1. What number, in percent, do you get for the relative contact order of region 382-433 if the mean sequence gap of Cα pairs under 8 Å and at least 6 apart is divided by its residue count?
2. Expected output is a single nm value to one decimal: the length gained when fully extending between residue 372 and residue 391, i.e. 0.36 nm times separation in residues minus the C-alpha distance. What is it?
3. For a label point 7 angstrom out from the Cα of residue 5 toward its Cβ, which stretches of region 624-643 have the backbone nitrogen within less than 12 Å?
4. Take the solvent-accessible surface of the protein heavy atoms, probe 1.4 Å, and return the percent of it on region 362-438 that carbon and sulfur atoms account for.
5. What percent do you get for the relative contact order of region 99-192 when only Cα pairs under 8 Å and 6+ apart count?
6. Hey, how many Å between the Cα centroid of region 103-149 and the Cα centroid of region 209-267?
7. Return the subset of 254/341; 104/204; 301/394; 341/515 for which the Cα-Cα distance in this structure is over 26 Å, preserving the input order.
8. Find the centroid of the Cα atoms in region 353-417 and in region 608-643, then give the distance between the two in whole Å.
Amino acid sequence: MIGRFDAKIPPGPLAQKWRNHLDHSRLVSPHNRRKFEIIVVGSGLAGGSAAATLGELGYRVKCFCFQDSPRRAHSIAAQGGINAAKNYQNDGDSVYRLFYDTIKGGDFRSREANVYRLAEISNNIIDQCVAQGVPFAREYGGLLANRSFGGAQVSRTFYARGQTGQQLLLGCYQALCRQITAGTVQMFPQTEMLDLVIVDGHAKGIVTRSLCSGKIERHAADAIVLATGGYGNVFYLSTNARGCNVTATYRAYKRGALFANPAFTQIHPTCIPVSGDYQSKLTLMSESLRNDGRVWVPKHKEHRDRAPREIPETDRDYYLERKYPSYGNLSPRDISSRAAKEVCDEGRGVGPGGRGVYLDFADAIKRLGENTIRERYGNLFEVYEKITGEDAYKVPMRIYPAVHYTMGGLWVDYDLMSNAPGLFVIGEANFSDHGANRLGASALMQGLADGYFVLPNTLPNYLAGQMGKRPSPDCPEFRAVEQSVCTRIEKLLNINGTRSVDSFHRELGLLLWDKCGMSRHERGLREALKKIPELREQFWSRGCGVRVPGDGDDFNQSLERAGRVADFLEFAELMCIDALERDESAGAHFREEHQTADGEALRDDENHAAVFAWEFQGDGQPPILHREPLNFETVHLTQRSYK
């Protein structure tokens, strides 16, 4: 293993850990910062904020994204809001309460120190974004408004209607553009990272391909920052943008970076149900809708085909309110998703195929008026009507769980550096903050905390010892990685098979959803581990595998997708290995063999209170597992309950 497997959490009380690290920013003087070059891969909220802040501090930054503009990063799809412990509603919120809710929401499978730091920084994020002009919703008197999200009994979520991610990204984008104009940040749109370069044990560069011209290039730097998001598209159908992929992080894994908790994938309970066999993605309906919408199904399965307004109140089962009276419709995502699956498995699901539940706003409209609901969620209702043709002001929405977020990612220490020195990983691309289940409105919080505040203060700790050590992109290590990239592209183009890329991706996704999705069990995981290598072999079979038309020296979307699906076919095996090895239920990782009498996740703290970090051993070889014990100084491990 390259580097070292050490979380590097500073000693002392939780409140002092982050303050102890703030001195890192002084390790590189302002005069010397211009001598360092940093590569940031990804331009969403995490990557864009990191690039903008590092540029503002005086570093020279190269920022890469495969979209045509940073404004098209998938961060815009985050609808509902961003958490912060401001306690503007005077409902008892605090930094500690946000910290505890996040630890508990993740089912006690995240680092205590990292989560406390996130809660501490949350208030600064709101101040930063307001200063940028982000148009957060405000109350009548002009003060910032809040609403509630799942897993919390206070109102701490700041929002901009149903488009919070987009507005935050625009604030970040204007800061990034300022640095591009100032010359500290150089932007490389429509450019995909295809591999990581390790020189003398340190991450010192990347190899990229232009999606417009097909040109392969080498880029050297003093440090690499990956902010490439999650791997939810391994399931084919997810709420992620079609371009989201695992390639950057998986390539880093194959170069020696540890991959932590890959089996921790989040299923979001409020998405528009699947409508056909050839659907290419799913659409999220924000969790914020559950503030005013009530989730229900018919009590009797013979009523499932009746129009919702024809089912009397006495024949409706508001199952979340019944099972979890303390949190009701704002129960955490993993619990709400499994509850929806449970009632649908009982035959009480609604809509085509019986895979849907109702999200009903009739009571809220009667209580608050349609105009109030329209002000809060108008754009979400419009999206729903465009996709389904149904007016949610008049009939309940139909929703069903779908893959949305991934808590797993590359392993990082407290400084957000992987075990590969010089490789920093931020946002959804790392594993650090959410444990086995992310609470709603926490993704934006983590991305901006990492990019605006944490990374700029911890990166200098590494750079202080790297003055003058940036290699030339013409050195042998860069040439070898470039050659391997070109060889792989040529191999994909020469398969000349008979099946499309999407057909392989769809087959893999259905297999994973069935065997390693909302619930898992040992027999199904072993079946998946047998079938995935067979599917991968079919993909690469000369003459009968995947067909990739065109060539590599031009715009070729089939080639882009083929490379990403090839990585998914390898990564899916790692996911299932991790899910099989973690012989417990925790958060979104629900092993059917391990559940309480009332069907909740049953952890095994004695054997599995740890981060599972996997080390690549070579193609065809099983990975090595490294365990990082999770130590809790403040929180006491308990059976999670939202009843």
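1. 27
2. Gain on stretching residue 372 to residue 391: 5.2 nm.
3. Flagged as within label range: 624-629.
4. Reported share for carbon and sulfur atoms: 46 percent.
5. 19
6. 27
7. 254/341; 104/204
8. 31
The values are calculated or read from the model by the stated rules, or taken from the named source; none is laboratory data. Worth saying up front: this structure is predicted, and the values here are computed from it rather than measured. No Cβ is skipped: glycine too gets one built from the backbone with ideal geometry, and neighbour counts run over all protein chains shown. Quick note on the areas: whole protein, heavy atoms, side chains included, nothing else; ligands and nucleic acids left out. Shrake-Rupley method; radii C 1.70, N 1.55, O 1.52, S 1.80 Å.
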